[in-house]
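Novice: This structure is in structure tokens; I'll ask about it shortly.
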Amino acid sequence: MAHLPLRLSQEEREVTTEYRRKSVKSQLNFRNVEASPEDPIETWPIEGIEIALDRGSLHYWRKLALAVQGDPWGPVARRVEHVLSYGRPYGIAPAMEQVIADARNASQIAERAAVRKEIGMLVDKSGLVGTEFAERIGTSPSRLSTYLSGKVVPSAALMERMRNITDLVAKESS
């Protein structure tokens, strides 16, 4: 009985990796679709995404997940969501729903942090103390505190008012 070596040489690893890469990519075929599985996922129509979810492999599911994570409300995420609304590809449907939910949640957290940071910069730039700034924008110091902590996100109109007050106070100071 011949024993296989426990370690592959660098050349053997490269050949094996290339074989796996080719075999994984060649497993999926789009029929009657104006796209190829090798095209960027953003160019795939709904039918291509449906085929990838239904008959694809981890390679394609990972590509879909990365596209969704990169743009949680973008066209790929919407197409995946649409396919999952009427089809339940075995095993992958719950995972892709979780990918979408996690990506959107992470995006919302980042957006809240960006708003919180901007409000803090506006208060600092105005040179006013918190109570004065709150009064100038027409809110209470406790409400301003919730904006600064990120617990509450102000409306777009209030954000614009904060920017305007900061600019106005800067002009008054100069």
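Novice: Search the range 145-174 for residues that are on the phi > 0 side of the Ramachandran plot and pair each with any residue that is open to solvent by less than 70 Å² (accessible area, probe 1.4 Å) and of a type in the set (A, V, I, L, M) when their beta-carbon atoms are under 8 Å apart and the residues are at least 6 apart or on different chains.
Specialist: G150/A113; G150/V115
Novice: With the requirement that a residue be closer than 26 Å to S174 by Cβ and among the acidic types (D, E), what does the range 110-149 give you?
Specialist: The answer is E118, D124, E132, E135.
Novice: If you scan the range 11-36, which residues turn out to be outside any loop (DSSP other than H, G, I, E, B) and either modelled with pLDDT of 85 or more or open to solvent by 100 Å² or more (accessible area, probe 1.4 Å) (or both)? Step through it out loud before you land on a result.
Specialist: So in the range 11-36, the residues outside any loop (DSSP other than H, G, I, E, B) come out as 11-26.
E11, R13, E14, Y19, R20, R21, K22 - these are the residues of the range 11-36 that are outside any loop (DSSP other than H, G, I, E, B) and either modelled with pLDDT of 85 or more or open to solvent by 100 Å² or more (accessible area, probe 1.4 Å) (or both).
Novice: Looking at the range 67-74, is at least one residue surrounded by 14 or more Cβ atoms within 10 Å (Cβ to Cβ), closer than 19 Å to E47 by Cα and of a type outside the set (G, A, S)?
Specialist: Taking every residue of the range 67-74 in turn, at least one turns out to be surrounded by 14 or more Cβ atoms within 10 Å (Cβ to Cβ), closer than 19 Å to E47 by Cα and of a type outside the set (G, A, S).
Novice: Which one of these does P89 not meet: (1) over 32 Å from the mean Cα position of the chain (by Cα); (2) not in a helix (DSSP H, G or I)?
Specialist: Only one criterion is unmet by P89, namely (1).
Novice: Among the residues of the range 37-49, is any without any contact (Cβ under 8 Å) to a residue 24 or more places away in the chain, more than 19 Å from the chain's Cα centre (by Cα) and assigned to a helix (DSSP H, G or I)?
Specialist: Scanning the range 37-49 turns up at least one residue that is without any contact (Cβ under 8 Å) to a residue 24 or more places away in the chain, more than 19 Å from the chain's Cα centre (by Cα) and assigned to a helix (DSSP H, G or I).
Novice: In the range 117-140, how many are of a type outside the set (F, W, Y), open to solvent by less than 70 Å² (accessible area, probe 1.4 Å) and part of a helix (DSSP H, G or I)?
Specialist: 9
The values are calculated or read from the model by the stated rules, or taken from the named source; none is laboratory data. Bear in mind that the values here come from a model prediction, so they are computed numbers and not experimental data. Ideal geometry is used to build each Cβ from the backbone, glycine not excepted, and the neighbour counts take in all protein chains shown. In case anyone asks, the SASA skips ligands and DNA or RNA and just uses the protein heavy atoms, side chains included. Shrake-Rupley method; radii C 1.70, N 1.55, O 1.52, S 1.80 Å.
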